[in-house]
1. Look through ASP299, ASP252 and report the one residue that is farther than 30 Å from GLN94 by Cα and either free of Cβ contacts under 8 Å to residues at least 24 places away in the same chain or surrounded by fewer than 21 Cβ atoms within 10 Å (Cβ to Cβ) (or both).
2. What's the total number of residues in segment 304-326 that are farther than 17 Å from PHE274 by Cβ and under 26 Å from the mean Cα position of the chain (by Cα)?
3. How many residues does segment 184-219 hold that are open to solvent by 20 Å² or more (accessible area, probe 1.4 Å) and more than 25 Å from GLU362 (Cα to Cα)?
4. Here are VAL359, VAL344, VAL282: which of them is more than 30 Å from LEU122 (Cβ to Cβ), surrounded by 13 or more Cβ atoms within 10 Å (Cβ to Cβ) and modelled with pLDDT of 95 or more?
5. Kindly list the number of the only condition in (1) under 18 Å from GLU322 (Cα atoms); (2) free of Cβ contacts under 8 Å to residues at least 40 places away in the same chain; (3) not in a loop (DSSP other than H, G, I, E, B) that fails for THR287.
6. Among the residues of segment 339-370, how many are closer than 19 Å to ALA101 by Cα and either touching a helix residue (DSSP H, G or I) at 6+ places or on another chain (Cβ under 6 Å) or among the aliphatic types (A, V, I, L, M) (or both)?
7. Mind checking whether some residue in segment 223-246 is crowded, with 18+ Cβ neighbours inside 10 Å, closer than 19 Å to ALA66 by Cβ, under 15 Å from the mean Cα position of the chain (by Cα) and among the hydroxyl-bearing types (Ser, Thr, Tyr)?
Amino acid sequence: MSQSKMAPSIRNNMNRLFGFIHKFNFTKRTLCASVSQGNKEASVDCRVFSGIQPTGTPHLGNFLGALENWVSLQHQYPLVLYSIVDLHSITQPQDPQQLRANILDMAASLLACGIDPEKAILFQQSQVSEHTELSWILGCLTSMPRLRHLPQWKIKSKQKSEGSVGLYTYPVLQAADILLYKSTHVPVGEDQVQHLELAQDLARIFNNHYGELFPEPRTLLSSTRKVKSLRDPLSKMSKSDPHKLASITITDPPEDIALKIRRAVTDFTSEVTFEPETRPGVSNLVTIHAAMAQISVEDAVSQARGIDTGAYKNLVIEAVIERLTPIREEIERLRADHTYLESVLLQGTQKARELAAPVLKEVRHRVGFC
């Protein structure tokens, strides 16, 4: 057969092959996407990754916006990884001794909230060196203008007048955290969506340069409304808030919880309604009450019928204390057992390395290092 006749035949066969590959990858992504939207059994190809910084005890916003969702996800997906991202935490100055304690404290908090080491891989980010190597490789595929416009840099660099290189490249490390495990789904807050978009972009860029390897991770947004500061209901609840009465941590004793909620900013209208735009303070209390009592917002407002906001705060206090007391007690028990906490993180680290090592080996080969 002549070369002129062979060429179209080869091209046709290659086109069929690429078409099949594209169709296979699309089907795989679609299947994972459908799992995230329904109650179907998760595909074996679906992987969830998320991380939390060891920078103090989680507050109510962390618990309702992230950790409660994490507990649910570990029962829905076949492979779930949760990382204590200590490398991210040092973009701000950390006392070494306090950081070591915070890592174990965060492990205790996650376990007490319901993370099960048998169902999810819980590990310490810095103990898996593949994260930083992949971050460097992905950083070489990222432009400076792309990073400059991300919220992490714009907000925090303004607060500090100038920011570190670590703060600037923080989203690249975040992308490496996700892609290293070929994650298909990432539970994030709305303020982190742009950072996940960078991970999606870098997956595409790497795949275009070196061949298909990384899936494009999808966002899993929590259905829980954002919990606002008790002192400034126009701002979200934050660990870094200087006002001691602004945030409720998951280890607060009942008397502290009661004090903070009683001092929560509301308004001059006594009736309890849910109107976030015009009555943010009262609406924040309704959000907290509904989430902690595990009822709808409508039911929470219904329970408040006939009482003023002062009396309603007692219902909120009761719901928060009832939900957090067993968690606080379990954290106290776990904090006293450093050996157990260290063993959980060590086992998780070993499992994470087993997943990360072959992926980075393939990355190194494709880039040309070996």
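1. ASP299
2. The number of residues fulfilling the criteria is 7.
3. 8
4. Unique residue meeting the criteria: VAL282.
5. The failed condition is (2).
6. Of the residues in that region, 5 qualify.
7. Within segment 223-246 (the criterion being crowded, with 18+ Cβ neighbours inside 10 Å, closer than 19 Å to ALA66 by Cβ, under 15 Å from the mean Cα position of the chain (by Cα) and among the hydroxyl-bearing types (Ser, Thr, Tyr)), the answer is no, since none of the residues qualifies.
The values are calculated or read from the model by the stated rules, or taken from the named source; none is laboratory data. This is a predicted model, so every value here is computed, not measured. Note that each Cβ is placed from the backbone with ideal geometry, even for glycine, and that neighbours are counted across all protein chains shown. Heads up: the accessible areas ignore ligands, DNA and RNA and are worked out on the full protein's heavy atoms, side chains in. Shrake-Rupley method; radii C 1.70, N 1.55, O 1.52, S 1.80 Å.
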